[in-house]
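For reference, the structure discussed in these notes is given below.
The values are calculated or read from the model by the stated rules, or taken from the named source; none is laboratory data. Keep in mind that this is a model prediction, so the values were computed, not measured. Glycine also receives a Cβ, built like all others from the backbone with ideal geometry; neighbour counts cover every protein chain displayed.
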Amino acid sequence: MKSWAFDEQAIATHRYWMQQAIAIAQAVGQAGEVPVGAIVVDAQNRLIAQAGNRKERDRDPTAHAEILALRRASQTLNTWHLTSCTLYVTLEPCPMCSGAILHARLGLLVYGADDPKTGTIRTTDNFSDRAFSNHRLPVLAGICEADCREMLQSWFQQRRDGGS
Ligand SMILES: [Zn+2]
């Protein structure tokens with residue numbers, strides 16, 4: 001996994017999918033959700049699932065983009081083993097999503113911006129290295145990092161400016 005994950009062709013592919021995830025995040029941000037988007041592709045680089053955060057609209061604390069994308073990918077592939085898949089997400093996953101990612105035995109996690117508050121891939125914790133984890137998760141952080149971070153910051157800025 002690592003040998004191809006870091007070559008130039010692979011980086012261009014990662015950036016392509018991350019831009020798709022950013023587009024999803026922007027759309028759900030306009031619908032009043034914290035803008036986070038996620039995409040799952042298989043080993044042949046085919047789109048398997050995509051989702052944006054739906055927590056507010058579904059009134060569901062588990063309706064994060066990553067959870068919804070993993071669920072749809074598992075349904076599409078008819079297995080919860082996502083060892084051949086790559087998950088792209090605009091923001092570093094929270095404890096709930098990091099846990100689900102490990103449960104899915106995900107092949108590769110690619111994310112954009114670190115989350116200094118709740119990111120548990122490397123920022124506030126590293127779930128993959130913990131005793132409770134039975135999966136060593138390959139991670140590629142910082143793909144389209146500036147785009148992901150600025151999108152999130154401008155969303156929160158607009159919310160503040162709107163007085164809500
Ligand atoms: Zn989450």
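Below, the figures for the structure above:
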{"quantity": "Residue within the stretch 84-101 that is within 16 Å of the ligand (Cβ to nearest atom), assigned to a loop (DSSP other than H, G, I, E, B) and in contact with a helix residue (DSSP H, G or I) (Cβ under 8 Å, 6 or more places away or on another chain) present", "calculated": "yes"}
{"quantity": "Test set (1) modelled with pLDDT of 95 or more; (2) surrounded by fewer than 23 Cβ atoms within 10 Å (Cβ to Cβ) - residue 21 fails condition number", "calculated": "(2)"}
{"quantity": "Members of the stretch 102-145 that are in a loop (DSSP other than H, G, I, E, B) and among the small types (Gly, Ala, Ser)", "calculated": "104, 107, 119, 131, 133, 142"}
{"quantity": "Count - residues of the stretch 31-78 that are within 12 Å of the ligand (Cβ to nearest atom), aliphatic (A, V, I, L, M) and not in a helix (DSSP H, G or I)", "calculated": "5"}
{"quantity": "Scan of the stretch 102-141 for residues that are among the hydrophobic types (A, V, I, L, M, F, W, C) and within 16 Å of the ligand (Cβ to nearest atom), ordered by number", "calculated": "102, 104, 106, 109, 110, 113, 121, 127, 137, 139, 141"}
